[in-house]
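Every read-out reported here was derived from the displayed coordinates using simple, explicitly stated rules and does not represent laboratory data. The structure presented is a predicted model; accordingly, all values stated were derived computationally and were not measured. Every residue, glycine as well, gets a Cβ built from its backbone with ideal geometry; the counts of neighbours run over all protein chains shown.
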Amino acid sequence: MTTTVRGGARPEEDPEEREGPKDPQAPKDPQGPSKGDQDPSKGDTGSAGPGRAAASPEGPPGDDAFDKDVLPTPKGASRRLLGSLLRPHRRRVTGAAVLLLVQQAAVQAGPLLVAYAIDSALPALRGERDYGPLIAVAVGYLVCAVASGGFQHAFILAAARINQRVLLELRGRIYRHAQALDVDFHDRYTSGRLISRSTTDVEALRELLDEGLQELLAVILSVVYILVTLVWLDPGLGGAALLSFVPLALLVRNFRRRSLRVYRGKSTAIAAVIVKFAETMNGIRPVQSFRRERANDTAFEQLNGRHLKANGDAILEMARYVVLSRLVANTAVAAIVVWGAYRVASGGLALGVLAAAALYLRRLYDPIDRLGMFLNSWQSAAASLEKIAGLLARRPAVPEPERPRELPPRDPGLPGREVVFERVRFAYRTGGEVLPEFSLTLPAGQTVAVVGATGAGKSTLAKLLARFYDPSPSSPTSSEQGRPQPSSPTSSEQGRPQPSSPTSSEQGRPQPSSPTSSEQGRPQGGTVRLDGVDLRELDVSALRRGVVMVTQEAFLFSGTVAENIALGRPDAGREEIEQAAKSIGAHDFIAGLPDGYDTDVRKRGGRISAGQRQLVSFARALLADPSVLILDEATSSLDIPGERAVQRAMETVLRGRTAVVIAHRLSTVAVADRVLVMDGGRIVEDGPPDRLIAGTGRFAELHSAWRDSLT
Ligand SMILES: Nc1ncnc2c1ncn2[C@@H]1O[C@H](COP(=O)(O)OP(=O)(O)OP(=O)(O)O)[C@@H](O)[C@H]1O
């Protein structure tokens, strides 16, 4: 049997994606193409699959928003996100703003007191020997200094409280949202980027909230106070100071525009570093066994270098701004003071007023540097917020139904539930059609083994049943024609009765009369039904109770063995957990672990063997007791006793439910009632194993080759 390498033309660009911000500076994803991204190139070399022309909406090669780490962000999404984070703390925000307002008033009173001291208190002392005004000035100065410190302290506490809550909420949102997003998204976005979003990007926002916003408020308030006071002291000097803000405003605008671009690049660059880091550490075993360390070092160095450059660009932008703004500010101060001195000399201005104005002018332009710092953290946070908002705006490709439906009660006389694929076709977003349109019925309680060459589409079929993906919309031709498309040779062609759906009613099982997906406004495509209910109409918990997929990887989470088994049913007690392990034949090895069921399996179950991991995941599935179990059998060759134990456990876990086993070992087929042979996305043979073995088809060939290899 040959493997059909499929793929297809890169799909049309998604209009939604097209609207997304394009970042000319963003580097190409250093990870190289993902599995899906590799498909187009495969398509070039492989045979034209049935879906070569099928398009998935991601744009031409090299134009993938995922590659550039810039997901489309709806207009104003960053602002709305920040607003939604701050809104629950409205009162605290107002309180903090008032504290800052009062604090600034206390700070800015200083030069006014100096003016009063020079123009009134000193003459009073000299002329009438009156110490009163001077003492009042000193006391006033002291009160202002103490008040300013006190209010600043209160403000910092209030702001910190708001910020911590906002950041907590934002991290939680990112985590919850990422968990809800579909498998396809995760395949392409990668966990490294998610880590980057919830660490460095959230950190950028923290800096803005902790330091930047305080700076900004302080700067705005002081500028307003000072300008108003200057105009009140002397309209001429105030007007001149106001005028100097025109070139400064232009400078700020230019800096903002340039630095946003730089900061976007910086956030992308650090994400690339984290992605590479996470990928290497997650795959440390293959990295070491294939001696990838040196190549990885080089790649990492490059990414690190890119990050360094992005950081350098940001610093240069800042330096440029600071130098230019100081130039403008110093020129303005010099010009205004010279003009003021001329007016004092000619008797048009009091000396005290000029002294106060000079002090105020210094204070007016001082925060311009701090404004640069603020703009820095603002731009950094804006770039990060944009990316977080893009992530949060992403809708799951496998959405929860608005009006979920219940599954009919399970028939006590029937093991499992019936599964029907009706006119289903499927193409990954990033590749050509993998499964051409087909229909298939798996009666309740049947154990079906799916065999076929690698890449034949076995796992894809299973993932549709587990609803990791939804069937793709019908191809225009089939829907236009409005008739069932004769696709792969299905059971009817093989001499088995072809269940023309709805089959459940024919079998005397309750037939739902609910609206179909098209009636609910979704694109009409094929459907996968569980006891007559479209999987798209089941809420997540009903779906996960109904269908469980045990993957090859047998992933164990950090935590104890008992906790890992209880994932199947979190409310299960210790007895039920142990019972499940005993039925599977895992009890003995678990009891032999240092802390028995309470042994921490560490991340990925490093402490227990591959076969034992598999047994734990079977116990988990047994405890979950789904109506339909999908088993992606492990390809790894376990040692013989281990394999037998796994085989026995598999038989236990399959019993009493509808089961689909992606069989990599033909010995597994012995437990199946029915075998589906897949090739190039099509079901090319379908029947009981004995009949297929006795025939002359592909399965018979495969089976005899396998038997020969055993002897
Ligand atoms: N996430 C994905 N994005 C794009 N293409 C994919 C994706 N996953 C699988 N494919 C492609 O779909 C086709 C069928 O893959 P599938 O994993 O279903 O095959 P399989 O029969 O289960 O193979 P194996 O026995 O090796 O697990 C292959 O050509 C594969 O490259």
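Tabulated results
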| read-out | value |
| --- | --- |
| Under 5 Å, built H, 5+ apart or other chain: amide partners of ARG602 | GLY559 |
| By average C-beta atoms within 10 angstrom, highest first, the peptides 367-380, 260-273 | 260-273, 367-380 |
| Gyration tensor (alpha-carbon) shape descriptor, the stretch 307-462, a/c threshold 1.5 | prolate |
| Cross-link pairs LYS276/LYS309; LYS276/LYS387; LYS387/LYS463; LYS266/LYS387 - those with Cα-Cα distance over 21 Å | LYS387/LYS463 |
| P(r) tail fraction, the stretch 84-126 - alpha-carbon pairs more than 16 Å apart, % | 59 percent |
| Relative packing of 302-309, 567-574, which averages over residues the other C-beta atoms within 10 Å, highest first | 302-309, 567-574 |
| Solution diffusion estimate, µm²/s, Stokes-Einstein, the stretch 534-608, Kirkwood Rh from C-alpha pairs, 10 °C, viscosity 1.306 mPa s | 117 µm²/s |
| Mean Cβ count within 10 Å, highest first, over the residues of peptides 229-236, 532-539, 330-337, 283-290 | 532-539, 229-236, 330-337, 283-290 |
| Viscosity 1.306 mPa s, 10 °C: Kirkwood-radius Stokes-Einstein D of the stretch 77-393 over Cα pairs, µm²/s | 69 µm²/s |
| Phi-based couplings in Hz for the stretch 133-146 (Karplus 6.51, -1.76, 1.60; Gly and Pro marked x) | x, 5, 5, 4, 4, 4, 5, x, 4, 5, 4, 4, 5, 5 |
| Amide H within-cut-off set for GLY452, under 5 Å, with H built and near neighbours excluded | MET678 |
| Per-residue ³J(HN,Hα) for the stretch 662-670, Karplus 6.51 cos²θ - 1.76 cosθ + 1.60, θ = phi - 60°, Hz, x for Gly and Pro | 7, 8, 8, 10, 5, 4, 4, 4, 4 |
| Neighbour-count order for TYR141, TYR321, fewest beta carbons within 10 angstrom listed first | TYR141, TYR321 |
| Nonlocal amide H pairs with PHE426, under 5 Å, H built at 1.01 Å | VAL434, LEU435, SER472 |
| Rounded FRET efficiency, nearest 0.05, which uses the C-beta distance separating LEU250 from ARG176 and R0 of 51 Å | 0.75 |
